[in-house]
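Here's the structure, in structure tokens; my notes come after.
The values are calculated or read from the model by the stated rules, or taken from the named source; none is laboratory data. Quick caveat, the model's predicted, so the values are computed rather than measured. Here the Cβ positions follow ideal geometry from the backbone for every residue, glycine too, while neighbour counts run over all protein chains shown. Keep in mind that these areas ignore ligands, DNA and RNA; they rest on the heavy atoms of the full protein, side chains included. Shrake-Rupley method; radii C 1.70, N 1.55, O 1.52, S 1.80 Å.
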Amino acid sequence: MTTQVDMGNYQRRRERLAAAMQSGVAIVTTAPERTRNRDAHYPYRFDSYFYYLTGFREPDAVLVIVAGTNPKSILFCRDKDPEREIWEGFRHGPEAARAAFGFDEAHSIRQVDALVPDLIADRATLFWHLGADPSWDARVTAWLNVVRDRGRSGVGAPGEIKDVHELLDEMRVIKEFEELNVMRRAAAITAGAHRRAMRAARPGGTEYEIEAELLHEFRRHGAQAPAYTPIVASGERACVLHYVRNDGGLNEGDLLLIDAGCELDGYAADVTRTFPVNGRFSGPQREIYDLVLAAQSAAIAEVKPGNRWDAPHRAAVETLAQGMIDLKLLEGTVADVVETGSYRKFYMHRTGHWLGLDVHDAGDYKRDGEWRQLVPGMVLTVEPGCYIRPGAGVPERFAGIGVRIEDDVAVTDSGAEVLTCDAPKRTADIESWMKSRNA
């Protein structure tokens, strides 16, 4: 089920970008199709920046935004082609795309080399994402050279190239009302998939069976794809942060760490839950789990307007450090453990990242060397963990336990909204939910 989105939102974004550029011109391309092997392609996924400005999902497309006193947005896209549509499906074509998506002009992608030089001529600044794609860099350079060759006729080429992503990152990091609604729906679908996984897990099963349950739940509720390759890691494999083989067995006494989220209309959810395969936490598992949950609660409490980006991370680290000392995993004071970074033996990543059209979404984390302030409309993950790989000095009862708990959190006017709260995470709630699988 595709969420209905007002195309006027995309038009307003293009207008905001044009205003920020003053009198420049921007070029934004979508992603190419990618070959998987021989003549088979990966499922197509558009470029997030391009989609943010257009809502247009077809490949082979370019957006040009001309700023100034009479700003306009111009789309270049594939022509209508009844023969190709028999094989590949519907194409808008330029005229239908112009009408449907609110562009001022639309042309065939075959005309892009002929028309773009005129659009960038006599513009002081070209906004382009240099270095993202060498083939497009070469093409843009060729357009600039066409304009430079006209210099004797009084035509000027842009004398400055700026990164268009810098302007778009600042727009994308603050989610609009409609974006938040799509993300709430993606979060709800993902939470349901984690609940399903908890009920499907049993000793003797496999990680890939649980992955299949997740993907089934995503798709049957209208999500187009997983937002990233799911992590389904049982036992010691949970201590491998980006484990994606998902081909191991589920054993009695194991914890199962699942990091999985769906993508709905381009927007990602990103959720991690850790639970016992047999439905009951052991004593050591519960101790580590409750520590990570306390760290997450402390971090979420710091998600509020005016706080700095690193406030949730600092709260999580301090809570984890105290717990690691209490559980005899580390020695010293909390201040010593934090200052020396010794906690990184068991917690080696940051506590979150921006979330949106990309799983690790657009937006700077620092400005002028200072962590940026949180403001309403930002969406971030909060995901502390504790990963105890067997080794020298590691208490035997904790060896091989890996726990991460991750939620998607929106900054609101008064604090935080946990978008993914429907996925159980208290130990009692997890055990109760898993017990009901046998009812």
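Among the residues making up the range 131-143, those that are of a type in the set (A, V, I, L, M, F, W, C) and either crowded, with 19+ Cβ neighbours inside 10 Å or modelled with pLDDT under 95 (or both) are ALA132, VAL140, TRP143. Among the residues of the range 416-439, those that are open to solvent by 10 Å² or more (accessible area, probe 1.4 Å) and under 29 Å from the mean Cα position of the chain (by Cα) comprise ALA416, GLU417, VAL418, LEU419, CYS421, ASP422, PRO424, LYS425, ARG426, THR427, ASP429, TRP433.
Identify the residue in the range 1-34 that is modelled with pLDDT of 95 or more, open to solvent by 60 Å² or more (accessible area, probe 1.4 Å) and not charged (D, E, K, R) and, among all such residues, is nearest to ASP169 (Cα to Cα). In this case the residue turns out to be ALA19.
When LYS175 is tested against the conditions (1) among the charged types (D, E, K, R); (2) in contact with a helix residue (DSSP H, G or I) (Cβ under 8 Å, 6 or more places away or on another chain); (3) part of a helix (DSSP H, G or I); (4) farther than 29 Å from GLY279 by Cβ, the lone failure is (3). Applying a threshold of 7 Å to beta carbon distances and a minimum spacing of six or more residues, or different chains, the list of pairs starting in the range 418-429 at a residue that is under 18 Å from MET378 (Cβ atoms) and ending at one that is of a type in the set (Gly, Ala, Ser) reads LEU419/ALA187; LEU419/ALA410; THR420/ALA187; THR420/ALA191; THR420/ALA269.
So that you can scan it fast, the table gives a plain yes or no per residue for (1) within 17 Å of GLY402 (Cβ to Cβ); (2) outside any loop (DSSP other than H, G, I, E, B):
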| residue | (1), (2) |
| --- | --- |
| GLU211 | no, yes |
| GLY222 | no, no |
| THR229 | no, no |
| GLU236 | yes, yes |
| LEU241 | yes, no |
| VAL244 | yes, no |
| LEU256 | yes, yes |
| ASP259 | yes, yes |
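When each of TYR289, TYR267 is tested for being among the aromatic types (Phe, Trp, Tyr), farther than 19 Å from GLU207 by Cβ and open to solvent by less than 10 Å² (accessible area, probe 1.4 Å), the lone residue that passes is TYR289. Could you tell me whether the range 90-98 includes any residue that is at negative phi, of a type in the set (A, V, I, L, M, F, W, C), free of Cβ contacts under 8 Å to residues at least 12 places away in the same chain and in a loop (DSSP other than H, G, I, E, B)? Yes, because at least one residue in the range 90-98 is at negative phi, of a type in the set (A, V, I, L, M, F, W, C), free of Cβ contacts under 8 Å to residues at least 12 places away in the same chain and in a loop (DSSP other than H, G, I, E, B).
Within the bounds of the range 395-402, is there any residue that is at pLDDT 95 or above, under 23 Å from GLU236 (Cα atoms), more than 19 Å from the chain's Cα centre (by Cα) and part of a strand (DSSP E or B)? Before you say what the answer is, go through the steps one by one.
Taking the range 395-402 as the starting set, the residues that turn out to be at pLDDT 95 or above are 395-402.
Add one more test, that the residue is under 23 Å from GLU236 (Cα atoms), and what stays is 395-402.
With more than 19 Å from the chain's Cα centre (by Cα) added as a condition, the list becomes 395-402.
Checking the rest, the ones that are also part of a strand (DSSP E or B) come to 402.
Yes, that holds for at least one residue.
Exactly one residue out of VAL379, VAL409, VAL337, VAL403 is free of Cβ contacts under 8 Å to residues at least 24 places away in the same chain and surrounded by 22 or more Cβ atoms within 10 Å (Cβ to Cβ), and it is VAL337.
Please work out if ARG397 is of a type in the set (Lys, Arg) and touching a Pro at 6+ places or on another chain (Cβ under 7 Å). Let's see the steps before the verdict.
Details: of a type in the set (Lys, Arg): yes; touching a Pro at 6+ places or on another chain (Cβ under 7 Å): yes.
Yes: the conditions hold for ARG397.
Looking at ALA299, ALA227, just one residue is touching an Asp or Glu at 6+ places or on another chain (Cβ under 6 Å), among the small types (Gly, Ala, Ser) and in contact (Cβ under 8 Å) with a residue 40 or more places away in the chain, and that residue is ALA227. If I filter the range 35-51 for residues that are surrounded by fewer than 13 Cβ atoms within 10 Å (Cβ to Cβ) and touching a residue at least 40 places away in the same chain (Cβ under 8 Å), do I get at least one hit? There is at least one residue in the range 35-51 that is surrounded by fewer than 13 Cβ atoms within 10 Å (Cβ to Cβ) and touching a residue at least 40 places away in the same chain (Cβ under 8 Å). Within the range 430-439, the residues that satisfy the criterion of being farther than 30 Å from VAL379 by Cα and either touching a residue at least 24 places away in the same chain (Cβ under 8 Å) or hydrophobic (A, V, I, L, M, F, W, C) (or both) are LYS435, SER436, ARG437, ALA439. Considering (1) open to solvent by less than 10 Å² (accessible area, probe 1.4 Å); (2) within 27 Å of ARG397 (Cβ to Cβ); (3) under 16 Å from the mean Cα position of the chain (by Cα); (4) free of Cβ contacts under 8 Å to residues at least 40 places away in the same chain, the lone condition that VAL232 does not fulfil carries the number (3).
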